[in-house]
Amino acid sequence: MSPINRGISFSESLLCSVHRLIDAAIICLTLALALRHTAEATVADLLTIAAASIIVYHVVADLSGLYRSWRGTRLRNELVRVVVAWAYTVPVLLGLGLVTQYNAEFSYTTKLFWIFTTPVAMLLARIVMRKIQQRMRARGFNTRTYAVCGVNELGIQLARNIQSAPEMGLRLAGFYDDRPAERTADLPSEFGTRIGDLDELVHRARLGTVESVYITFPMRAEDRIRTLLERLADSAVSVYIVPDFFVFELLHARWSNAGGLPTVSVFENPLYGVDGLMKRTADLVLGSLLLAAAALPMLIIALLIKLTSPGPVFFRQKRYGLDGREILVWKFRSMTCCDNGSTVKQATLGDDRVTPLGRVLRRTSLDELPQLFNVLEGTMSLVGPRPHANAHNEQYRTQIGGYMLRHKVKPGITGLAQVSGYRGETETLEKMAQRVACDHRYIREWSFGLDLKILFKTLRVVVAQANAY
């Protein structure tokens, strides 16, 4: 490793250590302030609780990946990870306090003050640290120059992404390519003109004026990439290959390995590790609260269904769940029939199969309330792609490319497509394709914040009663 890269690695490692110390200091400080609401609290109490809290928080933070380099990532992602780490720390601490009966000695004011002020202080500290980093890197501290090898759309997009993230501390040294101008893309004015060919790039790398090289040649140019790597190996430059995976329909890309061989996912479930645990916890907590709140209305709806039309109260329809596995989805019966075979006709405007009560239930989405049972049993989530009848899955999977990829996550009671205007009947193939595109976007861009945003938007959509019949 070159002296420059050792310095960068040392700086990033030092920054992680600084964050650990700051978080530990915040835990102690907010705890000291909170204990002022408990007159009997002693210094020994402060030291005991602080030590336990710091240990638990740091273990959780390490497992969730908080203490790592966030260089080149959005501040929002880092802040969400802080909240997640603290959200899992608090129950552990309260559980330890309950077992040791330590909780009984402190007032509720003390506990609540500490639980809510600690993450706020941690978030503020992270924001301040980011601002300090940006200012220092803007003045040339801990920055490095990079070159893009490949004057193409991928190289231009890479430079734009880096340009929009000044906290990365990277300065563009220029674009390099050995192909004639007619075979390369036109560089935007903000990036200047092509500096030179690959010989010039290798020369500057050996001189040390270029510290990092990003190769954006297409994957089919294996021989050119291999030759360039052999030449750059005679320098101390850091080299990164940016594969042109955008030629595929990337669902959720991440690096992993198979027996030591590096692999990159093309179609993958984004909800693994802490993210999956966080979403499942939210489903259980919010789902239980919603079911408790909806219990009486659901009982009344069940009685009205039984009194107004013959047939069962509930309708369990076969649909595809996670990874295409068949599940039974609960609904209040809103029609005179219960289609569940190889042919299922979508409900249309003025459909005579829908009962008078069913029209009200479908317009207000109250017929979907029993799917809270699916959420609690784990076959569905509160937010995700809406599950279609199996007959519709078999129909559209042959007509829409990547249709089945929507099943890489659990289906949801509501989803991005439903709050984006694609709720209700999809009478044309284009409408269904647009709905599937929304589902793909949800999987690619999933975050806990996006789930909350969709849930709030769902309330507005339901009130508006658009496209529901």
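The values are calculated or read from the model by the stated rules, or taken from the named source; none is laboratory data. Quick caveat, the model's predicted, so the values are computed rather than measured. Reconstructed Cβ throughout: ideal geometry from the backbone, glycine too, with neighbour counts over all protein chains shown.
Is it true that some residue in region 193-213 is in contact with a Leu (Cβ under 8 Å, 6 or more places away or on another chain) and free of Cβ contacts under 8 Å to residues at least 24 places away in the same chain?
Checking region 193-213: at least one residue is in contact with a Leu (Cβ under 8 Å, 6 or more places away or on another chain) and free of Cβ contacts under 8 Å to residues at least 24 places away in the same chain.
Among the residues in region 143-161, are any hydrophobic (A, V, I, L, M, F, W, C) and surrounded by fewer than 17 Cβ atoms within 10 Å (Cβ to Cβ)?
From region 143-161, those hydrophobic (A, V, I, L, M, F, W, C) are 147-149, 151, 154, 156, 158-159; that's our starting set.
Going one step further and asking which of them are surrounded by fewer than 17 Cβ atoms within 10 Å (Cβ to Cβ), we end up with none.
No, that holds for no residue.
Matching residues to (1) of a type in the set (D, E, K, R); (2) out of contact with any strand residue (DSSP E or B) (no Cβ under 8 Å at 6 or more places or on another chain); (3) modelled with pLDDT of 75 or more; (4) surrounded by fewer than 16 Cβ atoms within 10 Å (Cβ to Cβ):
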residue: LEU229; (1), (2), (3), (4): no, no, yes, yes
residue: LEU232; (1), (2), (3), (4): no, no, yes, no
residue: VAL242; (1), (2), (3), (4): no, no, yes, no
residue: LEU250; (1), (2), (3), (4): no, yes, no, yes
residue: SER256; (1), (2), (3), (4): no, no, no, yes
residue: ILE300; (1), (2), (3), (4): no, yes, yes, yes
residue: THR308; (1), (2), (3), (4): no, yes, yes, yes
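Only residues in region 106-121 that are of a type in the set (A, V, I, L, M) count as the first member; pair them with residues that are surrounded by 18 or more Cβ atoms within 10 Å (Cβ to Cβ), Cβ under 7 angstrom, at least 6 apart or cross-chain, and list the lot.
Here the result reads ILE115/VAL90; ALA121/ILE26; ALA121/THR30, each pair linking region 106-121 to a residue that is surrounded by 18 or more Cβ atoms within 10 Å (Cβ to Cβ).
Take the conditions part of a helix (DSSP H, G or I), over 14 Å from the mean Cα position of the chain (by Cα) and within 28 Å of VAL82 (Cβ to Cβ) and apply them to VAL419. Does it pass? Step through it out loud before you land on a result.
Numbers: part of a helix (DSSP H, G or I): yes; over 14 Å from the mean Cα position of the chain (by Cα): yes; within 28 Å of VAL82 (Cβ to Cβ): yes.
Against the criterion (part of a helix (DSSP H, G or I), over 14 Å from the mean Cα position of the chain (by Cα) and within 28 Å of VAL82 (Cβ to Cβ)), VAL419 qualifies.
The rows are residues; the columns are (1) of a type in the set (Val, Ile, Thr); (2) not assigned by TED's automatic domain parsing to the domain that holds ALA24.
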residue: VAL128; (1), (2): yes, no
residue: LYS131; (1), (2): no, no
residue: ARG160; (1), (2): no, yes
residue: GLN163; (1), (2): no, yes
residue: LEU172; (1), (2): no, yes
residue: PHE175; (1), (2): no, yes
residue: ALA181; (1), (2): no, yes
residue: THR184; (1), (2): yes, yes
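Failed condition for TYR146, given (1) among the aromatic types (Phe, Trp, Tyr); (2) closer than 30 Å to MET129 by Cα; (3) free of Cβ contacts under 8 Å to residues at least 60 places away in the same chain, with all others met?
Of (1) among the aromatic types (Phe, Trp, Tyr); (2) closer than 30 Å to MET129 by Cα; (3) free of Cβ contacts under 8 Å to residues at least 60 places away in the same chain, only one is false for TYR146: (3).
Among all residue pairs at least 6 apart or on different chains, which show Cβ distances below 8 Å where the first residue, located in region 30-57, is in the same structural domain as PHE113 (by TED's automatic domain parsing) and the second is modelled with pLDDT of 80 or more and among the basic types (Lys, Arg)?
Once the first residue is in the same structural domain as PHE113 (by TED's automatic domain parsing) and sits in region 30-57, its partners that are modelled with pLDDT of 80 or more and among the basic types (Lys, Arg) give ALA34/LYS111.
Which of the residues that make up region 67-111 are crowded, with 18+ Cβ neighbours inside 10 Å, over 21 Å from ALA39 (Cβ atoms) and modelled with pLDDT under 80?
TRP70
Restricted to region 38-54, and to residues that are among the aliphatic types (A, V, I, L, M) and surrounded by 13 or more Cβ atoms within 10 Å (Cβ to Cβ), which residue is farthest from the chain's Cα centre (by Cα)? Before you say what the answer is, go through the steps one by one.
At the first step, the residues of region 38-54 found to be among the aliphatic types (A, V, I, L, M) are 39, 41, 43-44, 46-47, 49-52, 54.
Right, trim to surrounded by 13 or more Cβ atoms within 10 Å (Cβ to Cβ) and you get 41, 46, 49-52, 54.
On the way: ALA41: 41, LEU46: 37, ILE49: 33, ALA50: 31, ALA51: 32, ALA52: 30, ILE54: 27 Å.
Top of the filtered list is ALA41.
Give me the pairs: first residue in region 360-380 and within 17 Å of VAL313 (Cβ to Cβ) and outside the structural domain of MET298 (by TED's automatic domain parsing), second residue surrounded by 17 or more Cβ atoms within 10 Å (Cβ to Cβ) and of a type in the set (Ser, Thr, Tyr), beta-carbon distance under 6 Å, and six or more apart or on different chains, which are they?
As it stands, the answer is none, since no pair meets every condition given.
Got a sec? Which of LEU112, LEU96, LEU63 is in a helix (DSSP H, G or I), closer than 14 Å to LEU31 by Cα and either among the aromatic types (Phe, Trp, Tyr) or in the same structural domain as THR38 (by TED's automatic domain parsing) (or both)? Before you say what the answer is, go through the steps one by one.
Numbers: LEU96 fails: closer than 14 Å to LEU31 by Cα; LEU63 fails: closer than 14 Å to LEU31 by Cα.
Matching residue, one of LEU112, LEU96, LEU63: LEU112.
Which numbered condition trips up PHE106, out of (1) under 30 Å from TRP446 (Cα atoms); (2) outside the structural domain of THR216 (by TED's automatic domain parsing)?
Single failed check for PHE106: (1).
May I ask you to list the residues in region 22-37 that are over 33 Å from the mean Cα position of the chain (by Cα) and either buried (at least 18 other Cβ atoms within 10 Å of the Cβ) or more than 19 Å from PRO119 (Cβ to Cβ) (or both)? Working first, answer last.
Filtering region 22-37 down to residues over 33 Å from the mean Cα position of the chain (by Cα) leaves 32-37.
Matches in region 22-37: ALA34, LEU35, ARG36.
Based on this model, can you work out whether THR398 counts as buried (at least 19 other Cβ atoms within 10 Å of the Cβ), assigned by TED's automatic domain parsing to the domain that holds TYR320 and polar (S, T, N, Q)? Steps first, answer last, please.
Numbers: buried (at least 19 other Cβ atoms within 10 Å of the Cβ): no; assigned by TED's automatic domain parsing to the domain that holds TYR320: yes; polar (S, T, N, Q): yes.
Answer is no for this residue.
Working carefully through the options GLU182, GLU211, find the one that is modelled with pLDDT under 90 and loosely packed, with under 15 Cβ neighbours inside 10 Å.
Values: GLU211 fails: loosely packed, with under 15 Cβ neighbours inside 10 Å.
After ruling out the rest, the residue left standing is GLU182.
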